[in-house]
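Report on the structure given below.
Values in this text are rule-based calculations from the coordinates and carry no lab data. Note that the coordinates shown come from a computational prediction; the quantities given were computed from them, not determined experimentally. So basically every Cβ, Gly included, is an ideal-geometry build from the backbone, and we count neighbours across all protein chains shown.
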Amino acid sequence: MLLRAAVLAVHAGLLAALRPGDPNVCSYWESFTAPVKESYTKPHVVTSSKPCPDGLGLPLPCPQQRVVYRTEYRQAVRTDYRRRYQCCQGYYESRDSCVPHCSQECVHGRCVAPELCQCEPGWRGPSCSSECDEQSWGPDCGQRCLCHHGAPCDPLTGVCSCPPGFTDPLCRQPCPPGTYGQGCHLSCPCHHQAPCNASTGACLCPPGLSGPLCQVPCPEGMSCTTPCPCQNGGICHPSSTSTCVCPHGWMGEICSMPCPPGRFGPGCQGECRCHNGGHCDPHGGQCQCAPGFTGEQ
Ligand SMILES: *[C@@H]1O[C@H](CO)[C@@H](O)[C@H](O)[C@H]1NC(C)=O
């Protein structure tokens, strides 16, 4: 019995790491054998001799037999059962606890149950390796974008990135009169206070005026159209169409959008190569270095 107690104690010590109360720890019964000393009673035949009472007076031995029982000990093997603990199926042991196993790594997320990744906001898919599509956001891309006019939203925050011409948080309202473009940050360039298209900046000329900026009066008493809508010196090419080829520093359907930061040249096709916070000229791409830096780039 002492030996068995010692064996159990050793096992208890090894398994103390896994807490039986942990829902991911499973127990099972294991059979084991242990040697034990067993007592039993064994019959012995005892022979004794004393003179036979045969009446003849001859001292002949007279054997007598009887059975006595003695307690003896023998080695035996005993089968017993003990409770053992291990991580439940789908879990593995890591630093004294059972953690779920995901056979595919959760790239942008964490394994929360066997074969189940919980994705960080902005990511989806079985291994959280796909970014949310344009119309969803949040954990597992479970939230729908609320933006109007087909605007995409930020996969992490759900903030709408409105197309040019719309500005409120959900891209519902057009730009205030007199403004256009991305975030409505640009002022309509039209002469005679003519309004402009909120997304492109194209001037909507009143009767009697024409030209890209409504700067050309029509022939006396007539209405006329603007054959080429390109602004800022863009030219229509081919000449009979209204397709604009934009000059240095401008882009967009009618060359009404200044180059965004980091771009320069005709139609803003050039990529700026200014380092260390240098500002790039949208026309020629030359770098204006930040204080403390010099050189072409
Ligand atoms: C502004 O211009 C765009 C592109 O040409 C056009 O789709 C849209 O209908 C115009 N908006 C208005 C109010 O005219």
Please list, by residue number, every one of the GluC sites (Glu not before Pro) in segment 211-282 that is coil in DSSP and has at most 13 other beta-carbon atoms within 10 Å. 220
Ranked list, fewest to most other Cβ atoms within 10 Å of each Cβ, for 218, 132, 259: 218, 259, 132
Spatial separation of Cα centroids for segment 198-244 and segment 94-136, in angstrom: 55
Computed over the chain: longest principal axis from alpha-carbon atoms vs helix 2-15 long axis, angle to nearest 10 degrees, is 0
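Where does the chain land on the Kirkwood hydrodynamic radius, alpha-carbon pairs, in angstrom?
Result for the chain, one decimal place: 29.2 Å.
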Can you list residues from other chains, or at least 5 along the same chain, whose modelled amide H is less than 5 Å from the amide H of residue 25? 88
With +1 on the Cβ of every Lys and Arg and -1 on the Cβ of every Asp and Glu, and nothing else charged, how large is the dipole of the chain about its Cα centre, in debye rounded to the nearest 20? 2400
Under a GNM of the chain (C-alpha, springs under 10 Å), which listed residue has the highest mean-square fluctuation: 150, 284, 249? 284
Could you work out the relative contact order of the chain? I mean the mean sequence separation of Cα pairs under 8 Å and 6+ apart, divided by the number of residues, in percent. 7
Whole-Hz ³J(HN,Hα) for each residue in segment 18-26, computed from phi via Karplus 6.51 cos²θ - 1.76 cosθ + 1.60 with θ = phi - 60°, x for glycine and proline: what do you get? 8, 7, x, x, 5, x, 9, 9, 10
Amide H neighbours of residue 263 under 5 Å, counting only residues 5+ apart in sequence or on other chains, H built in-plane at 1.01 Å? 272
Loop-located trypsin sites (Lys or Arg not before Pro) in segment 84-122, at most 13 other Cβ atoms within 10 Å (DSSP): 95
Mean separation of Cα pairs under 8 Å and 6+ residues apart, divided by the residue count of segment 227-297: what relative contact order is that in percent? 20
Using a 7 Å offset from the Cα along the Cα-to-Cβ direction at both residue 97 and residue 42, what is the distance between the two label points in nm, to one decimal? 5.8
Based solely on C-alpha atoms, express the radius of gyration and the Dmax of segment 227-297 in angstrom. 14.5, 51
For segment 62-141, which GluC sites (Glu not before Pro) are in a loop by DSSP, counting at most 14 other Cβ atoms within 10 Å? 105, 115, 134
